[in-house]
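Remarks on the structure that follows.
The values are calculated or read from the model by the stated rules, or taken from the named source; none is laboratory data. Keep in mind the model is a prediction, meaning the values are calculated, not measured. In this analysis, Cβ positions are derived from the backbone assuming ideal geometry, glycine residues included, and neighbour counts consider all displayed protein chains. For accessibility, only protein heavy atoms count, side chains too; no ligands or nucleic acids. Shrake-Rupley method; radii C 1.70, N 1.55, O 1.52, S 1.80 Å.
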Amino acid sequence: MADPTRIVIIGTGLAGATAAGELRAQGYSGQLVLLGQDTHRPYELPALSKGILLGEATDPDWVHDESFYAERDIDLRLSTVVSSVGDHEVVEAGGTRHPFDRLLLATGSTPRRLEQLPGAGLAGLRTLRTLDDSRALRAELTAGTRVVIVGGGWIGCEVAAAARSHGAEVTVIDPVSLPLRGVLGDTVAGVFRDLHTEHGVTWRLGTGVTGFTGESTVTGVSLDDGTTLPADLVLLAVGAAPRVELARAMGLDLAEGGVAVDAGLRTSAPDVYAVGDLAAHDHPRHPGRLRIEHWANAKDQGAHVARNLLGAHDPYTASPYFFSDQYDLGMEFRGLADPATDELVVRGDLAAREFIAFWLRDGAVRAAMNVNLWDDGEALGALVDNGVRVEPAKLVAGDLASMMG
Ligand SMILES: Cc1cc2nc3c(=O)[nH]c(=O)nc-3n(C[C@H](O)[C@H](O)[C@H](O)COP(=O)(O)OP(=O)(O)OC[C@H]3O[C@@H](n4cnc5c(N)ncnc54)[C@H](O)[C@@H]3O)c2cc1C
């Protein structure tokens with residue numbers, strides 16, 4: 001492939017904006033267009049369910065300073081929807097065309113909305129994905145407001161914590177018996193349930209939502225036990241769906257709900273790459289494909305893909321990593337666990353919420369999560385990356401730095 005002179009990136013999220021910056025850092029001097037429908041310049045999402053909702057910040061972390069794009073001749077086009085991609089040409093909804101030699105898809109994902117349920121079209125059913133969503137939600141989290149959150153995943157839990165900090169009455173509904181159970185398993189998920197219970201959250205666990213009630217605006221959530229919860233504010237936090245519309249119309253191979261990419265983040269079309277939430281990656285160290293919806297994945301894949309857009313074909317090999325903050329609990333999670341089958345080993349004190357959880361498969365560390373303990377990050381990363389085989393008793397009491405493999 002000849003060196004590209006025209007690169008177009010669709011998506012001004014963390015992955016797309018990081019890639020644009022890294023292309024210039026790598027010395028790429030050709031045309032560089034960064035297109036996205038958001039009205040704000042690229043920003044990171046974590047503060048949307050934490051600092052901004054808590055009232056600690058009004059702005060998110062911006063991916064780059066405002067002047068960054070013009071200074072580096074990056075043609076940042078906000079409030080711009082891409083409607084189609086033709087043969088080496090991106091077409092904006094308004095008709096403007098952008099020819100390309102290489103294209104990066106970084107279209108991320110969008111919150112699921114439970115469209116099949118009665119009342120799903122009512123006004124006031126909120127989701128949280130954009131800065132505008134977060135600021136609007138923050139304005140309504142006030143003392144006594146009855147907030148019903150559908151979904152006890154990471155975003156549901158973080159919003160619950162923020163809402164309680166403002167004195168809102170919070171109920172979280174989930175059809176599963178514990179929040180975060182699919183990711184953490186019963187024992188560790190129980191820590192999160194108890195944390196929120198202690199802060200005044202009401203759980204409706206093991207309970208499904210059957211619909212939403214209200215005249216034109218939602219005022220209640222109907223449950224499969226026959227009850228209806230009155231609500232001033234309803235947040236749907238039931239996961240996100242990758243935005244594959246463009247990729248599908250282009251005929252790209254899809255996988256795991258996203259766009260299939262090889263080890264070097266290239267799609268089934270030779271000049272088209274995909275990163276971030278969208279990419280279902282053929283990871284060299286994991287069987288099957290990984291599609292990861294985390295901050296670090298978007299940032300690291302965005303940085304990594306720049307070299308490959310310029311002609312390299314380096315495999316992306318980083319292990320999954322994410323973090324969350326809820327009340328006074330902060331945690332980091334490295335690796336991939338199947339808590340239903342992996343062996344759980346706990347070091348530290350679950351009840352005090354100061355512990356490290358390890359998940360082992362065939363005696364090897366597959367994942368590790370540190371809660372309110374911050375000194376062993378490097379060792380935990382190495383234990384996971386190297387799949388170190390170690391006796392559970394040593395994980396519980398030994399010197400982690402000496403086990404890195
Ligand atoms: C509220 C919230 C809190 C989070 N907190 C954490 C956290 O604490 N820790 C963690 O690890 N992860 C967290 N995440 C997840 C993490 O932030 C995401 O995985 C990551 O930001 C995804 O980045 P992305 O660039 O792939 O996608 P996105 O951020 O979704 O960006 C994609 C962009 O593409 C645009 N786009 C899509 N289609 C088109 C089109 N046709 N035309 C034009 N533009 C288009 C979208 O408008 C969007 O701006 C959080 C996510 C959310 C929503």
Of the listed residues (Gly152, Gly200, Gly185), the one being closer than 27 Å to Asp349 by Cα, crowded, with 23+ Cβ neighbours inside 10 Å and of a type outside the set (A, V, I, L, M) is Gly152
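Can you tell me which residue in the range 125-149 is nearest to the ligand (Cβ to nearest atom), limited to those that are of a type in the set (A, V, I, L, M, F, W, C) and more than 17 Å from Val238 (Cβ to Cβ)? Before the answer, list the steps.
Initially, the range 125-149 is screened for residues of a type in the set (A, V, I, L, M, F, W, C), giving 125, 128, 131, 136-137, 139, 141, 143, 147-149.
Then keep just the ones that are more than 17 Å from Val238 (Cβ to Cβ); that gives 131, 136, 139, 141, 143.
Details: Leu131: 10, Ala136: 13, Ala139: 16, Leu141: 14, Ala143: 23 Å.
The residue in question is Leu131.
Here are Asp38, Asp59, Asp73, Asp65: which of them is acidic (Asp, Glu), within 11 Å of the ligand (Cβ to nearest atom), in the same structural domain as Arg266 (by TED's automatic domain parsing) and in a loop (DSSP other than H, G, I, E, B)? Don't jump to the end; show me each part of the working.
Numbers: Asp59 fails: within 11 Å of the ligand (Cβ to nearest atom); Asp73 fails: within 11 Å of the ligand (Cβ to nearest atom); Asp65 fails: within 11 Å of the ligand (Cβ to nearest atom).
Every option except Asp38 fails the conditions.
Surrounded by fewer than 23 Cβ atoms within 10 Å (Cβ to Cβ) and touching an Asp or Glu at 6+ places or on another chain (Cβ under 6 Å), is that true of Ala255? Reasoning before the result, please.
Numbers: surrounded by fewer than 23 Cβ atoms within 10 Å (Cβ to Cβ): yes; touching an Asp or Glu at 6+ places or on another chain (Cβ under 6 Å): no.
Here the answer is no, as Ala255 does not meet what is asked.
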Lys299 fails exactly one of (1) open to solvent by less than 20 Å² (accessible area, probe 1.4 Å); (2) out of contact with any strand residue (DSSP E or B) (no Cβ under 7 Å at 6 or more places or on another chain); (3) within 30 Å of Arg138 (Cα to Cα), namely (1)
Contact list, first residue from the range 329-357 and on the phi > 0 side of the Ramachandran plot, second anywhere and in a loop (DSSP other than H, G, I, E, B) and of a type in the set (A, V, I, L, M), beta-carbon distance below 8 Å, six or more apart or interchain, is Gly348/Leu373
Checked Gly144, Gly95, Gly36 against criteria (touching a residue at least 12 places away in the same chain (Cβ under 8 Å) and at positive phi); the one match is Gly144
Note on Asp271: of the conditions (1) touching a His at 6+ places or on another chain (Cβ under 8 Å); (2) within 23 Å of Pro179 (Cβ to Cβ), unmet is (2)
Taking the range 76-85 and the residues there that are assigned to a strand (DSSP E or B) and closer than 27 Å to Thr127 by Cα, the one that is nearest to the ligand (Cβ to nearest atom) would be Val82
When (1) more than 9 Å from the ligand (Cβ to nearest atom); (2) assigned to a helix (DSSP H, G or I); (3) small (Gly, Ala, Ser) are applied to Ala15, the one that fails is (1)
Within the range 118-129, residues open to solvent by less than 30 Å² (accessible area, probe 1.4 Å) and among the hydrophobic types (A, V, I, L, M, F, W, C) come out as Ala120, Leu122, Leu125, Leu128
